[in-house]
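> Below are the structure tokens for one structure; questions will follow.
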Amino acid sequence: MSRRLGESFWGDLGDLLGAVRRAMGVTLVNFIRKPVTLHYPEVKRVYPDRFRGVLALTYDKETGEENCIGCRLCEYICPPQVIKVEMLKAEKRNFAKVFTLELYACEFCELCVQVCPTDAIIMMKSFDMSTSDRRELLLDKDRLHQIGLQFEPSWATGNLLRDMQTPPKAPKAAAAEPAAKAAGPGPKPGGAAE
Amino acid sequence: MLSAIYFFTVGFIVLNAIIGMVTYVTLLERKFAARMQSRIGPYRVGPHGLLQPIADALKLMMKEDIVPRLADRHVYNLAPIVFLVPCMLIFATLPFAPGLGVADLNIGILFFLAVSAMEIVGLFMGGWGSNNKYALLSVMRAVNQIISYDLPFIFAAMVPVLLAGSLKLSDIAAAQPDVLHWFIFYPVIGQLAFIAYIVAMLAAENRVPFDILEAESELIAGFRVEYSGMKFALIQLGEYAHVIATSFLGALLFLGAWGGPGPAWLGPLWFLLKAMCVFLLVTWIRWSFVRIRVDQILAISWKLLLPATLILLMATAVVAAWPRGAPVV
């Protein structure tokens, strides 16, 4: 704007009226729009698939056994060191004798889920673990299994996450076909003829 | 004796109706404001938050009443009452339907404007008695602002008075028998006067964007900063009562008071509806604008609004006094 404030009375008045119209228009549009607020405990927002919520331990779907083999990978990788695992040696496979998770110090980085070789520890689509007593957030093995049954699990598990990060297995065979398809309608007319 | 009983009864009813209405207007404003910010507003107390004002009032009653140690106790304690009384008293002259009102004075609008300007005394007592620098700064600004804006406010309110030819509020209402004769639809003059009325009303009520006396970022809560509990509630009640009364006056002066379709007993409801429309317009403005500076507020009053309303008033006088040839809408 080249005109300075105070130079022209009618110009200033026009600016003022325009500002008034715009400001009141914004609030009017908001007034007509549906409120974004949800009544939280009754209505829950749809959480995204990769939601990072409360951690839980899982059971094997078929055999009903605990998935955790007590390998302590999650304990090693945990940045705030809130996971403590003790292994229980057995004949066929190992189990976790003790598995504690201090949820009050957890930073929900999902690293434990990423390293878990047996998809034993996962995250849930829930965050309402609020309590008046901090000790209730010191989760032991039984509690973690219970949470796993209580809430809806997130998409991410250790194996799925690692699959996403591994480089493509056979770059020649897998990558050539989509590349040829993509190049077909492109600027190279000769590429599609093969 | 009989008339004394009549006045007492009507006054009692009107006073209680005002207090009930004012508490619920706070809910209306909060709901309205919430929708303007894409929120829902009070919801939990009662269905859709309908009992929220009662919960608020109970909370304020149960709060501790703190008097600052260095406060001027008498002035401090008296201020909420001195503030509240004029705010309630201005309802006395408002007729809510033909013949329904506490006292329909011959000079009703003069009484209204005079008494409504008296709230500044209570305001200043509160700010001075609190012995708090923020409260004192706040009331200094308030005095500055209210004195500046009372004149344009009165001039804007005088336009319908001139058009109707009477200072009596029921006469002004009777001069607007149907929608086409509402003074807001009087060509040019009506609209300009209504805009001037709303702007001056915002400033006289210390509402955003003229709320420099309780500018939160500078003065915390302004003159109310030392008040708590029931005294705080009285001040809030007075402020809202004043806004409501001015909304009613605006509806009466420009929007045809109790005129509307339907039988005559619907009149007070139409009046209430129109007053609420004015109130919601003020609320809409409140949630749309930012606060302006002290010097800008004074400049708007003395350099723009006062000359404009003065010219408008003179133009209205010419139109109203034009022999025979006055434009009829």
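> I'd like the full set of residues that are crowded, with 20+ Cβ neighbours inside 10 Å and under 12 Å from residue B:203 (Cβ atoms), limited to the range B:302-321.
Hit for the range B:302-321 is B:305, nothing else.
> Just the residues that are open to solvent by less than 60 Å² (accessible area, probe 1.4 Å) and within 30 Å of residue B:192 (Cβ to Cβ), please, taken from the range A:29-45.
A:30
> So, residue B:235, is that one part of a loop (DSSP other than H, G, I, E, B) and among the β-branched types (Val, Ile, Thr) or not? Spell out how you get there, then give the answer.
Values: part of a loop (DSSP other than H, G, I, E, B): no; among the β-branched types (Val, Ile, Thr): yes.
In short, no.
> Same structure again: When only residues in the range B:45-61 that are aliphatic (A, V, I, L, M) and without any contact (Cβ under 8 Å) to a residue 40 or more places away in the chain count, which is farthest from the other protein chains (Cβ to nearest Cβ)?
Our first condition is that a residue be aliphatic (A, V, I, L, M); within the range B:45-61, this holds for B:45, B:50-51, B:54-55, B:57-58, B:60-61.
Restricting the remaining residues to those that are without any contact (Cβ under 8 Å) to a residue 40 or more places away in the chain gives B:45, B:50-51, B:54-55, B:58.
Details: B:45: 14, B:50: 16, B:51: 17, B:54: 21, B:55: 18, B:58: 24 Å.
Top of the filtered list is B:58.
> With the requirement that a residue be touching a Pro at 6+ places or on another chain (Cβ under 7 Å) and more than 14 Å from chain A (Cβ to nearest Cβ), what does the range B:243-290 give you?
First, the residues of the range B:243-290 that are touching a Pro at 6+ places or on another chain (Cβ under 7 Å): B:253-254, B:258-259, B:289-290.
The answer is B:253, B:254, B:258, B:259.
> Now for a separate question. If we keep just the residues of the range B:255-301 that are hydrophobic (A, V, I, L, M, F, W, C) and assigned to a loop (DSSP other than H, G, I, E, B), which is least open to solvent (accessible area, probe 1.4 Å)? Spell out the reasoning first.
Filtering the range B:255-301 for residues hydrophobic (A, V, I, L, M, F, W, C) gives B:255, B:257-258, B:264-266, B:269-273, B:275-282, B:284-285, B:287, B:289-290, B:292, B:294, B:297-300.
This time we only want the ones that are assigned to a loop (DSSP other than H, G, I, E, B), so: B:255, B:257-258, B:287, B:289-290, B:292.
On the way: B:255: 24, B:257: 0, B:258: 45, B:287: 89, B:289: 54, B:290: 113, B:292: 42 Å².
Only one residue fits best here, namely B:257.
> Still on this model: Condition test on residue A:26, is it within 14 Å of chain B (Cβ to nearest Cβ), in a loop (DSSP other than H, G, I, E, B) and either surrounded by 11 or more Cβ atoms within 10 Å (Cβ to Cβ) or without any contact (Cβ under 8 Å) to a residue 12 or more places away in the chain (or both)? Step through it out loud before you land on a result.
Details: within 14 Å of chain B (Cβ to nearest Cβ): yes; in a loop (DSSP other than H, G, I, E, B): no; either surrounded by 11 or more Cβ atoms within 10 Å (Cβ to Cβ) or without any contact (Cβ under 8 Å) to a residue 12 or more places away in the chain (or both): yes.
Answer is no for this residue.
Conditions (1) surrounded by 15 or more Cβ atoms within 10 Å (Cβ to Cβ); (2) part of a helix (DSSP H, G or I), marked per residue:
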residue: B:29; (1), (2): yes, yes
residue: B:38; (1), (2): no, no
residue: B:44; (1), (2): no, no
residue: B:56; (1), (2): yes, yes
residue: B:59; (1), (2): no, yes
residue: B:66; (1), (2): no, no
residue: B:69; (1), (2): no, no
residue: B:79; (1), (2): yes, yes
residue: B:87; (1), (2): yes, yes
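> A further question follows. Being farther than 15 Å from residue A:58 by Cβ and part of a strand (DSSP E or B) is the filter; apply it to the range A:86-115 and report the residue that is most open to solvent (accessible area, probe 1.4 Å).
Ranking the candidates gives A:97 first.
> What single numbered condition from (1) open to solvent by 60 Å² or more (accessible area, probe 1.4 Å); (2) closer than 30 Å to residue B:192 by Cβ; (3) within 14 Å of chain B (Cβ to nearest Cβ) fails to hold for residue A:7?
(3)
> May I pose another question? In the range B:95-133, which residues are touching a Leu at 6+ places or on another chain (Cβ under 7 Å) and part of a loop (DSSP other than H, G, I, E, B)?
B:95, B:101, B:104, B:106, B:107, B:131
> Now a separate question. Within the range B:1-44, which residues are among the β-branched types (Val, Ile, Thr) and away from chain A (no Cβ under 14 Å)?
Filtering the range B:1-44 down to residues among the β-branched types (Val, Ile, Thr) leaves B:5, B:9-10, B:13-14, B:18-19, B:22-23, B:25-26, B:40.
Selection gives B:5, B:9, B:10, B:13, B:14, B:18, B:19, B:22, B:23, B:25, B:26.
The values are calculated or read from the model by the stated rules, or taken from the named source; none is laboratory data. Please read these numbers as outputs of a predicted model, since none were measured by experiment. With ideal geometry, Cβ positions are generated from the backbone for all residues, glycine too; neighbour counts draw on all protein chains shown. Heads up: the accessible areas ignore ligands, DNA and RNA and are worked out on the full protein's heavy atoms, side chains in. Shrake-Rupley method; radii C 1.70, N 1.55, O 1.52, S 1.80 Å.
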